[in-house]
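Undergrad: Pasting in a structure now, in structure tokens, and then I'll have a few things to ask.
The values are calculated or read from the model by the stated rules, or taken from the named source; none is laboratory data. Only a predicted model underlies this, so the values are computations on that prediction, with no experimental measurement involved. Using ideal geometry, Cβ is built from the backbone for each residue, glycine included, and neighbour counts are taken over all protein chains shown.
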Amino acid sequence: MAAIARTRNADAAKSLVQDLCPGPGDSAHETGAAFDIPALDQHLNGGMCSNALHEVRCSLARDFAGAAGFALGLAAQFGKRDANRILWVIDPAASVDSGLPFPDGLSEHGIDPKRMIFVRPITLQDALWSADQAAKCGDLSAVIFQVKGNPKPFDMTATRRLMLRARESGVLVCVLRQSGAEEASAAATRWHVEIMPSEPGPDFEHGPGQARHVHTLERNRHGRTGQWTLTWNPEKRAFEDGISKTQTTHTVRRIHAPADRPDRPAEMGQVVDLERAS
Amino acid sequence: MSARPDSPPIAITDTEKNAVRIVAHEAHAARLGIFNRQSLSDARALVPDLECHARDRDADHELLGSLAAWCERYTPLVALDGDDSLFMDVTGCTHLFGGEESFIADIETRLAAQGFSVRTCLADTAGAAWAMARHGTGRIIARDQHAQAISALPLAALRLDTNLVTSLGRVGFKTVGCIADLPRAPLAARFGTHLLDRLDQASGRQDEIISPLMPVAELAAEKRFADPIVHEDDIKRGIALLAGNIIALLERRDLGVRTCEVKLFRVDGEVQSLSVHAANPLRDADRIAALFHERLARLHTDLDAGFGFDIMRLNILQADPFNGGQHDLVEHKDAGDSYAALIDRLGARLGTDRVLQFSFADTHIPERRFALVPISGRDGKTDPDQVQLPGPARTPTRPLILLERPEPIDAIAQVPDSPPSRFRWRKVLYEIARSEGPERIACEWWRDGRASLSRDYFSVEDTQGYRFWLFRHGLYERETTRPDWYMHGLFS
């Protein structure tokens, strides 16, 4: 395994062991930063660790902008402090229909587009290699690796290597998985992002207000999962609690309407369990 | 071409003035009566089973180009001339091969081994060498002897067109020597100054500048191998050695490498070239070698070593003044992990056009507002500070993700300028709950023409909360009767 062969000293080997079997002594390596949302920080043992691998995924292509916004928010709020460049690696499969970050939109999101670097390799192997090299570089604040679906070469070993690199260099590495399923990985946290109707602003109530998303913490190294509604504040470059005082807080996962057919027929009756005749 | 005695000879034909003529043939075909410029029907009458191929000028030119690249092993100044000849400026190069005799012999042997039949001539001037190679017999013309050497050659040896040669022949001038000592003014008056130019170029009274195919490197280091090398490790070791050699030269000139290339000369005439680019001037042999390692790692399957490489050359194509270079004594930071090193490494492996950053343009059309350009290629040509970017906003007016090109949607909207009430995008129907707009962005008539359409942008939110940036292409009744709708971006 390449990840083991490349560890140079005993410390790194030890950290690999800790990575394989997470335990209470693990947090010594991590530099965490709090969300300042008590319920969330409690789940994460004090906050997001910035020198680690995190994963943000969305199930549908149209959710991609929300997931990208969350990943960029994480990079801005929890990225390495003494560096300000964000490197974005685009998997060739993802670049077909997902579009590109728009500089004006990035700027309004609180990210300086002049500080962003994009890497667009031709093959997934090159994309993985680029993400690996970038995660090693301590002059970056964060690395975002955009990947589509669950490609086979991006497996447990690859994520574990990214995790190790992040821990050594102190760079926040974020996997942005577009239309992908849940998959076991070495990431410290995995988030699923879903859209939620916005809360209308005070000055123009018929227009779209401030965006809110439902963030489901699907995997957490500290054990507890949960679901929160968050909004991104681009002025403070921080996430805020997005639950309004007026609306209910219940969120349900919707069943999406079929894409290319009419809506499903209404249920015609109740299915009852009949006793067997014989 | 080597003779194939048991099979019919091969000839190359070309159409000249509506007649198909032979322009090249195998050597042993001459015994059967085939000669150049013979018409094809005559040749077929002599040799009925003559194997004919039409001339492919592009392929010829490509072959000559690759031959020229290979000839850079002798001198960096190689120029193409016409369809079938090369000029090489070998001033100061022949002693490296043990004198002019062995230099010419080396060229002839190696090209003959590749299957070419060549005529070479080494002379003081390009014109004299051309004349002797085409129309004479000598291979080397001694210093200052070229005027006498070419005097017996026909006038065509001066690179004149056939009409001029014919009209000179009519007045009795057959050889170069006939016109060499004539009064110049009447000659120019009757036959034009071109004749005198060619005569002067051949005799050395006028300098002739050949234009080399490749730019001459600022600095170069070269290694020749007695045994051709094949293995990747040997190539890497050779590159490291050359990089080490060139550092001393760079230090003396206080330069750092920006662009450099390694040329690998294969024994059978192929030349492979790998080039790498550094974002900042570089003067570290290990880092230069490491960039080439990435380059090799990317294409080691495409790099065909064949029978091996016998010459390896490192050319510095671009070097800039080297500044800085003082290391931090307190905190030792590995230079290989810095941002600049990362960009160089990514560029070397993936190609510099794959590592990108934004460049901005001062326009309102969204897709023209930015471009992704190679990081190393910008060099401060466009100043990003000139363009005003919006500040952070809680309710954004511009989408976070812009689609590569606007995608048409089926929208139902009230005329003339309401936002759509529902639309279908990528087969999915969206009901709109909130919308804001329109924001009108007029076309750039100075680029697109007066007939191009305005766009009315709306930011809309559907009932589930998805937020899109749509536009109507064309103003209703003022520009078009059936405006189309397009999806252009997604808000976060």
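Undergrad: Being away from every other protein chain (no Cβ under 11 Å) and buried (at least 19 other Cβ atoms within 10 Å of the Cβ): is that true of B:Gly474 here?
TA: The answer is yes for B:Gly474.
Undergrad: When you check A:Gln133 against the structure, is it within 14 Å of another protein chain (Cβ to nearest Cβ), closer than 19 Å to B:Ser492 by Cα and modelled with pLDDT of 90 or more, yes or no?
TA: no
Undergrad: Where residues in region A:106-147 are in a loop (DSSP other than H, G, I, E, B) and acidic (Asp, Glu), which of them is nearest to the chain's Cα centre (by Cα)?
TA: Among them, the one singled out is A:Asp112.
For every residue, the table says whether it meets (1) more than 9 Å from chain B (Cβ to nearest Cβ); (2) closer than 17 Å to B:Arg345 by Cβ; (3) hydrophobic (A, V, I, L, M, F, W, C).
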site: A:Ala71; (1), (2), (3): yes, no, yes
site: A:Asp82; (1), (2), (3): yes, no, no
site: A:Phe102; (1), (2), (3): no, no, yes
site: A:Pro113; (1), (2), (3): no, no, no
site: A:Ile144; (1), (2), (3): yes, no, yes
site: A:Val171; (1), (2), (3): yes, yes, yes
site: A:Ser179; (1), (2), (3): yes, no, no
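Undergrad: For region B:274-297, give me the residue count where each residue is within 14 Å of B:Val262 (Cβ to Cβ) and either without any contact (Cβ under 8 Å) to a residue 40 or more places away in the chain or charged (D, E, K, R) (or both).
TA: Selection size over region B:274-297: 3.
Undergrad: Can you tell me which residues in region B:444-461 are under 30 Å from B:Arg394 (Cα atoms) and either in a helix (DSSP H, G or I) or at the interface with another protein chain (Cβ under 9 Å from one of its Cβ atoms) (or both)?
TA: Residues satisfying the conditions are B:Ser459, B:Val460, B:Glu461.
Undergrad: Within the group B:His53, B:His25, which residue is touching a strand residue (DSSP E or B) at 6+ places or on another chain (Cβ under 8 Å), at pLDDT 90 or above and not acidic (Asp, Glu)?
TA: Within the list B:His53, B:His25, the selection yields B:His53.
Undergrad: Related question: Hey, could you check region A:201-235 for residues that are facing chain B (nearest Cβ under 7 Å) and small (Gly, Ala, Ser) and say which is nearest to A:Leu40 (Cα to Cα)?
TA: It comes out as A:Ala211.
Undergrad: Filter region A:200-220 down to the residues that are free of Cβ contacts under 8 Å to residues at least 60 places away in the same chain, more than 16 Å from B:Gly437 (Cβ to Cβ) and of a type outside the set (D, E, K, R) and list them by number.
TA: A:Pro202, A:Gln210, A:Val214, A:Thr216, listed by residue number.
Undergrad: Looking at (1) within 14 Å of another protein chain (Cβ to nearest Cβ); (2) of a type outside the set (Lys, Arg); (3) free of Cβ contacts under 8 Å to residues at least 12 places away in the same chain; (4) not in a strand (DSSP E or B), can you tell me which one B:Leu429 breaks?
TA: Of the numbered conditions (1) within 14 Å of another protein chain (Cβ to nearest Cβ); (2) of a type outside the set (Lys, Arg); (3) free of Cβ contacts under 8 Å to residues at least 12 places away in the same chain; (4) not in a strand (DSSP E or B), the odd one out for B:Leu429 is (4).
Undergrad: In region B:373-395, what residues are at the interface with another protein chain (Cβ under 9 Å from one of its Cβ atoms) and either modelled with pLDDT of 90 or more or out of contact with any Lys or Arg (no Cβ under 9 Å at 6 or more places or on another chain) (or both)?
TA: B:Ile375, B:Gly391, B:Ala393, B:Arg394, B:Thr395 - these are the residues of region B:373-395 that are at the interface with another protein chain (Cβ under 9 Å from one of its Cβ atoms) and either modelled with pLDDT of 90 or more or out of contact with any Lys or Arg (no Cβ under 9 Å at 6 or more places or on another chain) (or both).
Undergrad: Sticking with this one: Of all residues in region A:86-100, count the ones that are within 7 Å of chain B (Cβ to nearest Cβ) and either outside any loop (DSSP other than H, G, I, E, B) or modelled with pLDDT of 90 or more (or both).
TA: 1
Undergrad: Can you name the number of the only condition in (1) touching a helix residue (DSSP H, G or I) at 6+ places or on another chain (Cβ under 7 Å); (2) in a helix (DSSP H, G or I) that B:Asp197 fails?
TA: (1)
Undergrad: Looking at B:Ala59, B:Ala69, can you tell me which residue is surrounded by 14 or more Cβ atoms within 10 Å (Cβ to Cβ) and either of a type in the set (Gly, Ala, Ser) or part of a strand (DSSP E or B) (or both)?
TA: Within the list B:Ala59, B:Ala69, the selection yields B:Ala69.
Undergrad: Specify which of the listed residues (B:Thr109, B:Thr125, B:Thr137, B:Thr166) is exposed (fewer than 15 other Cβ atoms within 10 Å of the Cβ), under 34 Å from the mean Cα position of the chain (by Cα) and β-branched (Val, Ile, Thr).
TA: Checking each option against the conditions leaves just B:Thr109.
Undergrad: With the checklist (1) modelled with pLDDT under 90; (2) not assigned by TED's automatic domain parsing to the domain that holds B:Ala113 in hand, flag the one item B:Ala45 doesn't pass.
TA: It fails just one condition, (1).
Undergrad: Kindly indicate whether any position in region B:210-218 is of a type in the set (Ser, Thr, Tyr) and without any contact (Cβ under 8 Å) to a residue 60 or more places away in the chain.
TA: no
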